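This report concerns only the one structure given below.
The values are calculated or read from the model by the stated rules, or taken from the named source; none is laboratory data. As the structure is a computational prediction, the values presented were derived from the model and not from experiment. No Cβ is skipped: glycine too gets one built from the backbone with ideal geometry, and neighbour counts run over all protein chains shown.
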């Protein structure tokens, strides 16, 4: 028994000695953010365009919350138009490449969503749009207001995320069936 106690204490000492403290983890996260900020550049022109893109993303999300496939398709057309209008030439090459990768996912998924007449089919493509938008907002931080990253744990056997201007949950994946299902994961 004494051997097991000694091994256990040794394991705890090694684990705590090798593990990072909260302060060390916070410093490491801060350094990673600083490194990312050095690579990702944004301009006022790009941020303004992204704010418009976000406005149209929110309109699409709201149409899906209302479970209205026709309005969702119309909102998606406007959204796609503004995504296509974004000019990334003012960004450095790394930042422009990031935007291009996000916009390709957004463009392809939005084009697939537009002709669909079933709101549940539209919601499937909205998942991919939302994933790209979450990464874009997280990377570029293009707006001066708080955006809520929200998630529903009950979407097609898993979970799905979206962005919202409002903290209160309005679930675009279930609409009126489960309007308040979800949670705020974080504020961006």
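Here are the numbers:
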item: Condition met for residue 71 (closer than 30 Å to residue 175 by Cβ, at pLDDT 95 or above and more than 20 Å from the chain's Cα centre (by Cα)); result: yes
item: Hits in region 77-90 - residues which are surrounded by 18 or more Cβ atoms within 10 Å (Cβ to Cβ) and modelled with pLDDT under 95; result: 88
item: Residue in region 126-137 that is within 17 Å of residue 43 (Cα to Cα) and touching a residue at least 60 places away in the same chain (Cβ under 8 Å) present; result: yes
item: Test: residue 116 is in a loop (DSSP other than H, G, I, E, B) and either under 14 Å from residue 62 (Cα atoms) or touching a helix residue (DSSP H, G or I) at 6+ places or on another chain (Cβ under 7 Å) (or both); result: yes
item: Matching entry among 72, 59 (being assigned to a helix (DSSP H, G or I), farther than 18 Å from residue 134 by Cα and in contact with a helix residue (DSSP H, G or I) (Cβ under 9 Å, 6 or more places away or on another chain)); result: 72
item: Test for residue 94: is it in contact with a helix residue (DSSP H, G or I) (Cβ under 8 Å, 6 or more places away or on another chain), surrounded by fewer than 18 Cβ atoms within 10 Å (Cβ to Cβ) and at pLDDT below 95; result: yes
item: Any hit, region 122-130, residues being outside any helix (DSSP H, G or I) and crowded, with 20+ Cβ neighbours inside 10 Å; result: no
item: Flag if residue 51 is farther than 22 Å from residue 89 by Cα, at pLDDT 55 or above and surrounded by 10 or more Cβ atoms within 10 Å (Cβ to Cβ); result: no
item: Selection within region 154-172 - over 15 Å from the mean Cα position of the chain (by Cα) and touching a residue at least 24 places away in the same chain (Cβ under 8 Å); result: 154, 155, 156, 170
item: Selection from region 99-121 of residues that are more than 19 Å from residue 49 (Cα to Cα), free of Cβ contacts under 8 Å to residues at least 40 places away in the same chain and either buried (at least 16 other Cβ atoms within 10 Å of the Cβ) or touching a strand residue (DSSP E or B) at 6+ places or on another chain (Cβ under 6 Å) (or both); result: 109, 112
